[in-house]
1. Neighbouring Cβ atoms within 10 Å as the yardstick, rank Ile62, Ile163, Ile22 fewest first.
2. For His122 paired with Thr87, estimate the spin-label separation in nm (one decimal), with each label point 7 Å from Cα along the Cα-to-Cβ line.
3. Search the structure for amide H atoms under 5 Å from the amide H of Lys243, placed 1.01 Å from N in the peptide plane, and list their residues when 5 or more places away or on another chain.
4. Set the Förster radius R0 to 30 Å, insert the Cβ-Cβ distance between Ala33 and Val154 as r into 1/(1 + (r/R0)^6), and round the FRET efficiency to 0.05.
5. What is the extension gain from Asp24 to Ser142, computed as 0.36 nm multiplied by their sequence separation minus the C-alpha to C-alpha distance, in nm to one decimal?
6. Set Lys and Arg Cβ to +1 and Asp and Glu Cβ to -1, take the dipole of the range 42-116 about its Cα centre, and tell me which of Asn59, Gly48, Thr96 lies farthest positive.
7. What nm distance separates the two modelled labels at Ser220 and Glu46, each placed 7 Å from Cα along Cα→Cβ?
8. By per-residue mean of other Cβ atoms within 10 Å, what is the highest-first order of 177-187, 152-162, 69-79?
Amino acid sequence: MLPLCLVLLLGSCGAGDRFVDIEDVPPPPRPAAPGAGASAGTFTVECGHNEQRHLNADNVVIAPGTPFGAHHTHEYVGNLSTDHTSTDRSLAAATTSCAGGDLSSYYWPVLRLTDRVGHDAHAPGGGAHGNTGEVLPPARVSVTFTGSPVGKVVPVPRFLRMITGDPAALTSGGGTARWSCSGYEDRHTDRYPVCGPDREVLRTYEFPSCWDGRNTDSASHRAHVVPAASNGACRPGTFPIPKLSVRVAYRVPAGRPFALDSFPEQLRDPRTDHAMAVNAMPDALAAEVAACVNENRSCP
């Protein structure tokens, strides 16, 4: 493993509580086996890794209509039109980086090498909001839907907005950040991982999967779709939908300091990692996803 001080965000050992050697992260307990009625299939959508370099400091889920409303820069796969002006109608009319006609938008804060000057050193979302450095493009992105360990799922409703993680975790004390390294995919930490030679830094986003059956958004942008209980069951009054997971891999050069983008007051803390999604799949594709996981198949 690389010495911890070589990869610290602030260039000194005093920031070491934000980093952890992945070998010091214990593996989780083995998950319980799915029940007899589980929806155990998997549906994978190929969306590339943002070869188009679709980046902006907007957030159509939390701050629709507000330019630079995120105060940090987001990286996108999927719908190529997504920005602060996006509407259900515009998303449905756009093009996409995803195969199979998935027009959904999947996005998260960029990762930067902090020892270099970025393209937006003085721009909103970048240096103007304290997010300095060269944006590091993802090496790989995977978009996967899985079922419920305790029953069948219903299709994801079109234009459902979803959030995972807490962009204010430094001050709220919350957050569900899941950092890891390739070769250690079963180990997760809410700190920046120190990975070994030739290992990729991984960020995994697991979205909530219990829908209220009525709304595609809510005042909090969270109340209409909530996480399942620890056993995978949805609480009464909510309905299981295919669970979205997005994993993003980066090849961070050995010894280079890195950090994600955040709100200025969140100081680029790794616990603030988060992601958003707007489901813009045509109804037929959403039904296909649900059928695949309900029938315990691996698709496509």
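Values quoted throughout were computed directly from the atomic coordinates according to the rules given, and no laboratory measurement underlies them. This structure is a prediction, so every number in the text was calculated from the model and none was measured. Methodologically, a virtual Cβ is constructed for each residue, glycine included, from the backbone with ideal geometry; neighbour enumeration extends over all protein chains shown.
1. Ile62, Ile163, Ile22
2. 3.6
3. For Lys243, whose amide H was placed from the backbone, the distant partners under 5 Å are Thr146, Gly147.
4. 0.80
5. Working it through step by step, the gained length comes to 39.9 nm.
6. Checked the options; the winner is Asn59.
7. Distance between the two pseudo-spin positions: 3.9 nm.
8. 69-79, 152-162, 177-187
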